[in-house]
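The values are calculated or read from the model by the stated rules, or taken from the named source; none is laboratory data. Keep in mind that what you see is a predicted model, and the values were worked out from it rather than measured. SASA here: full protein model, heavy atoms, side chains in, ligands and nucleic acids out. Shrake-Rupley method; radii C 1.70, N 1.55, O 1.52, S 1.80 Å.
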Amino acid sequence: MKRQKWLGLAFLLSCMLAACSQEEPEAEVPNQQEEVKENLAETKEVQVSASSSEQTTESEPNLHDALPIPKSFVESAEYEGTGMFAGKKFTNQKEITDVLDKFPVLTENSSEQEITEAKQYLLSLFKEDLSMVDVPIDQWESMQFKDPNEESESIQLKENYNVVILLDSSGSMANWENNKTRMQLAKESIQLFVENLPEQANVSLRVYGHVGTGNDEDKAKSCSKVDEVYPLGKYNNSKFSEALNKFEPAGWTPTGLAIKQVEEDLKKFNGEENTNIIYIVSDGVETCDTNPVGAIKSLAESNIQPVVNIIGYHVDNDGLAQLKEMAKVSNGSYVNAVSQEQLNAEFQQTVDMAKIWSDWHDNAQGTLNQLFDTIQLQLNNWYDQQQILKNREYDNLLVAVNYLNKKGIIDMKVFLEFDDSYREYFLIVDDETREIFLELDGLNRESFLDNWDSINDRLLENVN
């Protein structure tokens, strides 16, 4: 039957108005140049505590190692590392001005290379951790209908919802945070995650790095051991809690081996008939030479068709680069979590999707609305976060450039060149962020309407 007969004008309008109300605000380029100049002229130097001196340096800055200014949103999101002063609003803090005061003097007579390297270095100080969108649009695929015998008139879904968690238990997970180790906090988050999944979901927990020590003599033993401490199956609170208590952080990090074992063990769960969610929680780079990038690429290209979620937990820049590359080659998502709250928030996305999956049979039409709204909210949250990060990054660069000019470290010609470069970079990232948002927003709406039509067509067939 035609869409308009089933949706009804009122329903369509309400859905679209609700979605439209979530669209992104009109972005404006921060234009603070004159205001910043006036404020800097009036602002007295802010004194900070002695602890902030940990981030200052007595040596001259090494401008040659700074990465080029990104030319797209993707390049900005994949930029290796975050700035020394990321996450802070620059208001003349001494820890920042101490670094800027060591900036090389640049004039109109400086070479193009000197100016380019200086621009790159200044960006590296304030570079924020932008992220590729991790909104689970692909969950629409896990809600598709199938007819196993092509004769059934009932609406059926993929058979199983499997959630596999790979947990890095290497020695660095013993580091402390808020009076608990990273491992203790990760275990608490995982326990909360799996107990909130619907009872129909299957869960599995694998650990690696939990054998031996970080010493060279234990490397072979540590790098060869991955254990599935909770075999794939329905959640049982006492058995899962017991599994979490079987291991502690200990040795090296064979991430690639753990992924290879998952691919082997999940072969029987074809992605055409099963939804397979893979979580990798790690606080560092692979240390066992088992090529996790190649392993996750192989898993992604297999018939398992996994939805890959990678959580970096307090990772350094080397770990950040590798985990982001793993997410990229697997068409998965990467999230950089620096607290237990952020770890819980990432797990909650899958809890939301799994509950929608479990409710699908009982109320398919209502579940469509729920899935649409959930994805729309997550998409808006991602877009809003990128806006905050890129605006703060750009604002800080403007303040820094004004500071350097006011101190006579860069002359007016160099100041204008810095200003133009950062403005161009900001506008490119802003435009492409909006394009990604609008594309996924449109896909979410299109998927909603297509699935609504499918449900109503099947219901009509059953009535006739």
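Extension gain for residue 215 to residue 67 (0.36 nm times residue separation, less C-alpha to C-alpha distance): 49.9 nm. Computed over protein heavy atoms with a 1.4 Å probe, the carbon and sulfur contribution to the accessible area of segment 160-331 reaches 43%.
The amide H of residue 177, built 1.01 Å from its N in the peptide plane, has 182 as neighbours under 5 Å, considering only residues 5 or more places off or on other chains. Distances between placed amide hydrogens fall under 5 Å for residue 307 paired with 276, 277, 278, all partners being 5 or more residues away or on another chain. Taking all protein chains into account, the per residue accessible area for segment 160-331 stands at 41 Å² (1.4 Å probe). Both radii come from the Cα set of segment 160-331: Rg as radius of gyration, Rh as Kirkwood radius; their ratio Rg/Rh reads 0.94.
With 26 Å as the limit, write out which pairs from 219/246; 102/413; 127/297; 219/260; 127/187; 246/297 have Cα-Cα distances beyond it, or answer none. In this structure, 127/297; 127/187; 246/297 exceed 26 Å between Cα atoms.
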